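Chemist: Pasting a structure below so you can have a look.
The values are calculated or read from the model by the stated rules, or taken from the named source; none is laboratory data. Just so it is clear, the structure is predicted and the values come from calculations on it, not from any experiment. When we count neighbours, we look across all protein chains shown, and the Cβ atoms used for this are built from the backbone with ideal geometry, even at glycine.
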Amino acid sequence: MLIQKSNLLKILILILAISAGVILRSTELLNHNYVFGFDQGREYLVVREMVLNHKLRLIGSEIGSGSAGFTGIFHGPVFYYFLSLAYIFFNGDPYGGIVLMFIFGLATIIFTFFLVGKLFGYLFGLFAAILVSISPPLISQSRFLWSPNPVSFFILLAFYFTYYINRGAKYIFFSSFFSGFIYNFELATAVPVSLGLALYCLFVLRFKKLKQYLYLIAGYVFSFSPMIIFDIKHNFQASRGLFNHFSNPKNNLIDIHKILNSSKDIISSFTYSYSDTFPKQSLLPGWLIILFIFIVVVFMIYKESNKQLKYFILYLLILPLITFFVYLFFRIPVYVYYLAHLNLSIILLFSYGFFSSYKKRKFYFSLLFLLIGIISILQFIPFSINTFIKDYFDYGGDAKIKGRVDAIDYIYKDSKGEKFGLLVFSPPVYTYPYDYIVLWYGKNRYGYIPHKEKKGLFYLLMEKDPGKPWSYNGWLETVIKDGTIEKTEVLPSGLIVQKRIMH
């Protein structure tokens, strides 16, 4: 009876963790009003071409959308293939992308329970699953469509196989495969995770057999094979891009001033990312919680008798150091979404500190871990409820799908069935989200796609730049000077529609 009650309790807590994850990640799933901007429009235009024209791809989006300081280097294509499934199942409706992100978010919670349960016991797995459920950066990954957002699930897969890497060839292969596979979502995450694993095998595990290294290399080769094939087919443009970047005198790697500036930025990003992993609470500053976790983990690992577990925790501890080293070579800001592997590693370290202190009867430590977790959960509950209510009813202006679809609806209805042209001004210059909405929604609902010429009846759809709200006037005065203005309307979203006629 005690065993049955214990199992029932575990099931109830797991249901609680998943329920919390569902509620916190379901806002856009329920109100059907999600962010649909530059990135989302671009991704859906690519996927539409893949599905309709059966065009396979070896690359994803360019790293940093072309502004990362590297040329000719792209993320992997797997995200597009996942999104293609959503496109097919939802008949092109971008809502399918939100469902996809939601599924990856729940899968991350469940796999955390499975992984930590295997390592430390299922009660600790349940606790870790709750921490993932309420972690702000991990919640945000499920709430809008973006190529880096599925990455957490595959980071956990890499961690899982890394833990069991001494079990044999397939674990070595899959540990490096999934470490590299992360590049399909974020190359800036895949590089430190892959390098961290290689150094871990070389200096911590100290592989002695050649075939172990061959399996490790094979995993990397298979995971990066789309990039390798693309590079060979296109005259090694990625390799040349890397060479040009590092051979450029402006990117001098031994410039002390640049290294110091980069170090400050990286440390700032790391500190924020680690602290943001746990919900904000008013009793303890985030940096103090992180410091406590690292101190306890280092203390406990010194006395850890389980070598397999000890080595894996060492891997998690050296991962931020390797990440820091890799990012010193960047000449761009280190964005927090690069650091999903650190968000997950600190939750695993938290779980280990809690588990190990309890196991070794250091109950004052385990009590502190428990209190930190409970306080974070309790203070997060009212905040999450308020956030859910606020976001659920938020129209979203010109950033979300409803505002943009409403603008397209307004134009089609105002034309009263007459064929018209549509020209769009958007601060990012590229008009991907509007182009896709017209192709998907406008065509399906109204039966035709407007032309893009200044002839007959045509409309101008203008999005204000928050930093330069007057900038669209320059477009009107230079690019669009023709036609008689019939009327100008500012819609509830803030988008401006102007109706013109060319006589």
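Every residue, every condition in (1) of a type in the set (D, E, K, R); (2) crowded, with 23+ Cβ neighbours inside 10 Å; (3) assigned to a helix (DSSP H, G or I); (4) out of contact with any Ser or Thr (no Cβ under 9 Å at 6 or more places or on another chain), yes or no:
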{"site": "322", "(1), (2), (3), (4)": "no, no, yes, yes"}
{"site": "331", "(1), (2), (3), (4)": "yes, no, no, no"}
{"site": "337", "(1), (2), (3), (4)": "no, no, yes, no"}
{"site": "357", "(1), (2), (3), (4)": "no, no, yes, no"}
{"site": "365", "(1), (2), (3), (4)": "no, no, yes, no"}
{"site": "372", "(1), (2), (3), (4)": "no, no, yes, yes"}
{"site": "380", "(1), (2), (3), (4)": "no, no, yes, yes"}
{"site": "389", "(1), (2), (3), (4)": "no, no, yes, yes"}
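Chemist: Would you check which residues across the range 409-466 are among the aliphatic types (A, V, I, L, M) and loosely packed, with under 15 Cβ neighbours inside 10 Å and list them? Walk me through how you get there before you give the answer.
Modeler: In the first step, residues of the range 409-466 are kept if they are among the aliphatic types (A, V, I, L, M); the result is 411, 422-424, 429, 437-439, 449, 457, 460-462.
Once the filter is applied, which keeps residues that are among the aliphatic types (A, V, I, L, M) and loosely packed, with under 15 Cβ neighbours inside 10 Å, the range 409-466 yields 429, 449.
Chemist: Quick one: which of 189, 162 is modelled with pLDDT of 95 or more, more than 21 Å from residue 60 (Cα to Cα) and assigned to a helix (DSSP H, G or I)?
Modeler: The conditions single out 162.
Chemist: Separate question: Quick one: how many residues across the range 81-100 are part of a helix (DSSP H, G or I) and buried (at least 23 other Cβ atoms within 10 Å of the Cβ)?
Modeler: The qualifying residues number 4.
Chemist: For the range 192-217, give me the residue count where each residue is farther than 26 Å from residue 324 by Cα and in a helix (DSSP H, G or I).
Modeler: The number of residues fulfilling the criteria is 5.
Chemist: List pairs: first in the range 338-362 and in contact (Cβ under 8 Å) with a residue 12 or more places away in the chain, second outside any helix (DSSP H, G or I), Cβ under 6 Å, 6+ apart or cross-chain?
Modeler: As it stands, the answer is 343/277; 346/277, since those pairs meet every condition given.
Yes or no, residue by residue, for (1) over 36 Å from the mean Cα position of the chain (by Cα); (2) in contact (Cβ under 8 Å) with a residue 60 or more places away in the chain:
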position: 432; (1), (2): no, yes
position: 440; (1), (2): no, yes
position: 468; (1), (2): no, no
position: 481; (1), (2): yes, no
position: 485; (1), (2): yes, no
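Chemist: Here is a check on your reading of the model: is residue 485 at pLDDT 90 or above, exposed (fewer than 13 other Cβ atoms within 10 Å of the Cβ) and either farther than 21 Å from residue 433 by Cα or not aliphatic (A, V, I, L, M) (or both)?
Modeler: Numbers: at pLDDT 90 or above: yes; exposed (fewer than 13 other Cβ atoms within 10 Å of the Cβ): yes; either farther than 21 Å from residue 433 by Cα or not aliphatic (A, V, I, L, M) (or both): yes.
Considered against the rule, which asks whether it is at pLDDT 90 or above, exposed (fewer than 13 other Cβ atoms within 10 Å of the Cβ) and either farther than 21 Å from residue 433 by Cα or not aliphatic (A, V, I, L, M) (or both), residue 485 comes out as yes.
Chemist: May I pose another question? Against the definition (in contact with a His (Cβ under 8 Å, 6 or more places away or on another chain) and either modelled with pLDDT under 95 or among the basic types (Lys, Arg) (or both)), how does residue 387 come out, yes or no?
Modeler: Criteria not met by residue 387.
Chemist: In the range 141-156, which residue that is under 16 Å from residue 129 (Cβ atoms) and either part of a helix (DSSP H, G or I) or aliphatic (A, V, I, L, M) (or both) is farthest from the chain's Cα centre (by Cα)? Please lay out each step first, then the result.
Modeler: Applying the first criterion (under 16 Å from residue 129 (Cβ atoms)) to the range 141-156 yields 141-142, 152-153, 155-156.
Still in the list and also either part of a helix (DSSP H, G or I) or aliphatic (A, V, I, L, M) (or both): 141, 152-153, 155-156.
On the way: 141: 5, 152: 8, 153: 11, 155: 12, 156: 14 Å.
Among those that are under 16 Å from residue 129 (Cβ atoms) and either part of a helix (DSSP H, G or I) or aliphatic (A, V, I, L, M) (or both), it is 156.
Chemist: So which of 488, 478 ends up being among the hydroxyl-bearing types (Ser, Thr, Tyr) and more than 19 Å from residue 430 (Cβ to Cβ)?
Modeler: Working: 478 fails: more than 19 Å from residue 430 (Cβ to Cβ).
The unique qualifying residue is 488.
Chemist: Just checking, which of 176, 140, 194 is out of contact with any His (no Cβ under 6 Å at 6 or more places or on another chain) and farther than 30 Å from residue 305 by Cα? Working first, answer last.
Modeler: On the way: 176 fails: farther than 30 Å from residue 305 by Cα; 194 fails: farther than 30 Å from residue 305 by Cα.
Residue meeting the stated conditions: 140.
Chemist: Could I ask something else about it? Report, by residue number, each residue of the range 128-178 that is basic (Lys, Arg) and crowded, with 24+ Cβ neighbours inside 10 Å.
Modeler: Of everything in the range 128-178, nothing turns out to be basic (Lys, Arg) and crowded, with 24+ Cβ neighbours inside 10 Å.
Chemist: For the condition under 27 Å from the mean Cα position of the chain (by Cα), in the same structural domain as residue 341 (by TED's automatic domain parsing) and either modelled with pLDDT of 95 or more or closer than 29 Å to residue 131 by Cβ (or both), what is the one hit in 205, 216, 242?
Modeler: Among 205, 216, 242, only 216 is under 27 Å from the mean Cα position of the chain (by Cα), in the same structural domain as residue 341 (by TED's automatic domain parsing) and either modelled with pLDDT of 95 or more or closer than 29 Å to residue 131 by Cβ (or both).
Chemist: Okay, next question. Just to be sure before I move on: is residue 416 over 18 Å from residue 36 (Cβ atoms) and either assigned to a loop (DSSP other than H, G, I, E, B) or touching a residue at least 60 places away in the same chain (Cβ under 8 Å) (or both) in the structure I sent? I'd like the intermediate steps shown before the answer.
Modeler: On the way: over 18 Å from residue 36 (Cβ atoms): yes; either assigned to a loop (DSSP other than H, G, I, E, B) or touching a residue at least 60 places away in the same chain (Cβ under 8 Å) (or both): yes.
Yes.
Chemist: Let me ask something else. Do we find that residue 108 is of a type in the set (S, T, N, Q), out of contact with any strand residue (DSSP E or B) (no Cβ under 6 Å at 6 or more places or on another chain), touching a residue at least 12 places away in the same chain (Cβ under 8 Å) and within 27 Å of residue 382 (Cα to Cα) in this structure?
Modeler: When the stated conditions are applied, residue 108 passes them.
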